[in-house]
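K.L.:
A single structure is presented below for examination.
The values are calculated or read from the model by the stated rules, or taken from the named source; none is laboratory data. Treat the numbers as computed from the prediction; the structure is a model and nothing was measured. For neighbour counting, all protein chains shown are included, and Cβ atoms are generated from backbone atoms with ideal geometry for every residue, glycine included.
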Amino acid sequence: MEDINRIVYRGVQSEDDYPLLLEINLSSRQADNDLEKVTLNDIARVLAHMNEMTPQEGVLIASLADTSAAAIGYSRLGWYSSSADTRLYYQVSFLRSNYRGRGYWQQMVKQNEHRLREVAQKHSSIAQRFFQAWATDKQKDWISVLESMDYQVVRRFNNMLFDLRDIPTTRMPAGFEILPVRPQQMHSIWEAQKEMNDGLFENVAEDWQDDKFPAWLEDPERDPRFWQVAWSGDQLAGMVLVRIDARENEGRERKRGYTEHIYVRPQFRKRGLASALITRSLQVLKQQGMQEAELGVDSENESAAFKLYQKIGYRTASIDTWFRKKIES
């Protein structure tokens, strides 16, 4: 193993660093045979929405101290609460291919943990605190690094795609009505989404505090025109919040929409409402010129959603694995 103590770190100084981050990101993905297209806009968007840490605080750019070579990798750090008594301190990390297998990535993880532990020490009232990281099934080197650093698998998620050329026909069950979303209904939808997320493994509790509603309402990426929301009288029964990211599609040269936040309230389940809402959502995406639809689902979803999506025609395109390691006091 080489002398890994030669790594030095710095934060993001300005947007002038974004092209460097993109270059490292693409190099790392190429090493993983990940064909996902990432753009400079994607880098800027992610850094503009970091959890609880600024890019200056939460991005660590790694370089070798005794060379003039470009940075070898970088990590993005942050934290969030999955419940009132559990807080997760995460890292997302990228490393150029020619520096892998030489101990550098493990050293970067140690530095990430050091920085995150400093943050976690300020949250001593939280009962459970964990380091967290994610990996797609293509990131075999990153998975090996995490396993070598004693991270344990805690959950897997299926990223599923649907080919919009063949959408099944599903009737809307009696007693429900899908109506165009009106402004006065937005808070009810917010509450339903909050209710849904409260039971999810990947919940970010900070996103659903009451003071976050105005920002949720004003999010320019939120387009209620495409949403499929079912009502039983004046009660919101279920929803699929369809989303199309035109800028992302253009940058990645694809026509993909998202069937997100699929939720039927417990008292309205087992009546075929979820299937009807999903197929209606797929039709909307096809009408908008999309060619495929994407969703993500917990492989251990207690409502058997994974099997439902398979039955409708979604197929798993990739699997994301979640890793955690307890932060010792």
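K.L.:
Criterion first (within 29 Å of V38 (Cβ to Cβ) and part of a helix (DSSP H, G or I)) does A215 satisfy it?
P.N.:
Here the answer is yes, as A215 does meet what is asked.
K.L.:
Does any residue of region 188-203 turn out to be among the polar types (S, T, N, Q), closer than 24 Å to Q283 by Cα and modelled with pLDDT of 90 or more?
P.N.:
So far as region 188-203 goes, yes, one or more of its residues are among the polar types (S, T, N, Q), closer than 24 Å to Q283 by Cα and modelled with pLDDT of 90 or more.
K.L.:
Next up: Would you point out the residue of region 207-232, among those that are surrounded by 14 or more Cβ atoms within 10 Å (Cβ to Cβ) and small (G, A, S), that is nearest to V284 (Cα to Cα)?
P.N.:
Among those that are surrounded by 14 or more Cβ atoms within 10 Å (Cβ to Cβ) and small (G, A, S), it is A230.
K.L.:
Starting from region 199-221, keep only residues that are without any contact (Cβ under 8 Å) to a residue 40 or more places away in the chain, then list their pairs with residues that are assigned to a helix (DSSP H, G or I) and basic (K, R) whose Cβ atoms are within a distance under 8 Å, requiring at least 6 positions of separation or different chains.
P.N.:
Once the first residue is without any contact (Cβ under 8 Å) to a residue 40 or more places away in the chain and sits in region 199-221, its partners that are assigned to a helix (DSSP H, G or I) and basic (K, R) give W208/K194.
K.L.:
Given the conditions (1) more than 20 Å from the chain's Cα centre (by Cα); (2) modelled with pLDDT under 95, which single one is not true for H114?
P.N.:
(2)
K.L.:
Select, from Q132, Q91, Q106, the only residue that is more than 16 Å from R10 (Cβ to Cβ), modelled with pLDDT of 95 or more, surrounded by fewer than 18 Cβ atoms within 10 Å (Cβ to Cβ) and not aromatic (F, W, Y).
P.N.:
Q106
K.L.:
With in contact with a Leu (Cβ under 6 Å, 6 or more places away or on another chain) and more than 16 Å from R96 (Cβ to Cβ) as the only criterion, which of L40, L35 stands out?
P.N.:
L40
K.L.:
Continuing with the same structure: Can you find a residue that is within 19 Å of K138 (Cβ to Cβ), surrounded by 18 or more Cβ atoms within 10 Å (Cβ to Cβ) and touching a helix residue (DSSP H, G or I) at 6+ places or on another chain (Cβ under 8 Å) anywhere in region 66-73?
P.N.:
Among the residues of region 66-73, at least one is within 19 Å of K138 (Cβ to Cβ), surrounded by 18 or more Cβ atoms within 10 Å (Cβ to Cβ) and touching a helix residue (DSSP H, G or I) at 6+ places or on another chain (Cβ under 8 Å), which makes the answer yes.
K.L.:
Shifting gears a bit: For the list (1) modelled with pLDDT of 95 or more; (2) more than 30 Å from K307 (Cα to Cα), I need the number of the one condition that I167 fails.
P.N.:
That leaves (2) as the condition not met.
K.L.:
Please go through region 151-181 and give me each residue that is under 23 Å from the mean Cα position of the chain (by Cα) and surrounded by fewer than 18 Cβ atoms within 10 Å (Cβ to Cβ), ordered by number.
P.N.:
Q152, V153, V154, R155, R156, N159, L161, D163
K.L.:
Right, something else. Just the residues that are crowded, with 16+ Cβ neighbours inside 10 Å and over 22 Å from L161 (Cβ atoms), please, taken from region 233-263.
P.N.:
Selection gives L236, A237, G238.
K.L.:
Can you spot a residue in region 141-162 that is outside any helix (DSSP H, G or I) and without any contact (Cβ under 8 Å) to a residue 24 or more places away in the chain?
P.N.:
No: region 141-162 contains no residue that is outside any helix (DSSP H, G or I) and without any contact (Cβ under 8 Å) to a residue 24 or more places away in the chain.
K.L.:
Scan region 234-275 residue by residue and report those that are under 18 Å from the mean Cα position of the chain (by Cα), among the β-branched types (V, I, T) and under 17 Å from E195 (Cα atoms).
P.N.:
V240, I262
K.L.:
I would also like to ask the following. Looking at S281, S232, S275, S299, which is the one that is touching a helix residue (DSSP H, G or I) at 6+ places or on another chain (Cβ under 9 Å), modelled with pLDDT under 95 and of a type in the set (S, T, Y)?
P.N.:
Every option except S299 fails the conditions.
K.L.:
Among the strands (runs of 3 or more DSSP E) contained in region 21-106, which hold 2 or more residues that are touching a residue at least 12 places away in the same chain (Cβ under 8 Å) and farther than 21 Å from F323 by Cβ?
P.N.:
In region 21-106, the matching strands (runs of 3 or more DSSP E) lie at 59-64.
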